[in-house]
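One structure is given below, encoded as structure tokens.
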């Protein structure tokens, strides 16, 4: 279902576009599909959202560029951890690339999110933690402030060590009940000293491509 959704999203890419290249498993399927079209003669330039995506794009012979040469992006294809029905608000960042993903998303004329149907929810939060990127210096005090907001943050670790993003920051995974007002929550979290970015992507997705067993469904932002 992810592969089918990714292929449908890549069908929106046109010759000559600057394309934002997302991170994660669904985005990897999109890169494979995009590489096939590039091999057939499609001319595009990609801006990757992570070092892992950049490495995969190079292996697949997808041409890359940067913001110095292309400050605006025509279309970005990425995945998401949750998609809220109705609003198309997102939670992203389980792959640890939320800051670069949001920079690319906000520079894009269109953001297409490819997911399988399990990622659709009525409300964000609940069973999916909200990633929040924080600076390493004083991270303990930053997590204390997040805890005071009721976020129940846990520092993400791997092998006993804090996970570092491509930007060198840490990630706090915040356990939250259903988020009734994501806009207000985003404002509160962004005001916390030490917070770099949150995994709330609000009002950014223009299209959601949903892979289902019976086929692909396309949702557009109201």
Which listed residue, of 39, 97, 114, 61, is in contact with a helix residue (DSSP H, G or I) (Cβ under 9 Å, 6 or more places away or on another chain), exposed (fewer than 14 other Cβ atoms within 10 Å of the Cβ) and not assigned by TED's automatic domain parsing to the domain that holds residue 181: 61
Residues satisfying the stated conditions in the stretch 168-198, i.e. within 19 Å of residue 137 (Cα to Cα), touching a residue at least 40 places away in the same chain (Cβ under 8 Å) and not in a strand (DSSP E or B): 169, 189, 192, 193, 194
Within the stretch 57-88, track down each residue that is in contact with a strand residue (DSSP E or B) (Cβ under 7 Å, 6 or more places away or on another chain) and within 18 Å of residue 182 (Cα to Cα). 80, 81, 82, 83, 84, 85, 88
Quickly run through the stretch 191-215 and pick out the residues that are out of contact with any strand residue (DSSP E or B) (no Cβ under 6 Å at 6 or more places or on another chain) and under 26 Å from residue 77 (Cβ atoms). 200, 202, 203, 212, 213, 214, 215
Going residue by residue through the stretch 194-205, is there one that turns out to be over 30 Å from residue 30 (Cα atoms) and either surrounded by 17 or more Cβ atoms within 10 Å (Cβ to Cβ) or at pLDDT 95 or above (or both)? yes
Looking at residue 218 and the list (1) touching a residue at least 60 places away in the same chain (Cβ under 8 Å); (2) surrounded by 17 or more Cβ atoms within 10 Å (Cβ to Cβ); (3) under 30 Å from residue 4 (Cα atoms), which single condition is not satisfied? (2)
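Quickly run through the stretch 10-25 and pick out the residues that are at pLDDT 95 or above and on the phi > 0 side of the Ramachandran plot. I'd like the intermediate steps shown before the answer.
So in the stretch 10-25, the residues at pLDDT 95 or above come out as 10-23.
Scanning the stretch 10-25 gives a single hit, 16.
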Take residue 7 and tell me if it is at pLDDT 95 or above and farther than 30 Å from residue 132 by Cβ. yes
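Quick one: is residue 41 at pLDDT below 95 and at positive phi? Let's see the steps before the verdict.
Working: at pLDDT below 95: no; at positive phi: yes.
Criteria not met by residue 41.
The values are calculated or read from the model by the stated rules, or taken from the named source; none is laboratory data. Since the structure is predicted, the reported quantities are computational estimates derived from the model, not experimental observations. A quick note on method: Cβ atoms are made from the backbone with ideal geometry, for glycine too, and the neighbour counts reach across all protein chains shown.
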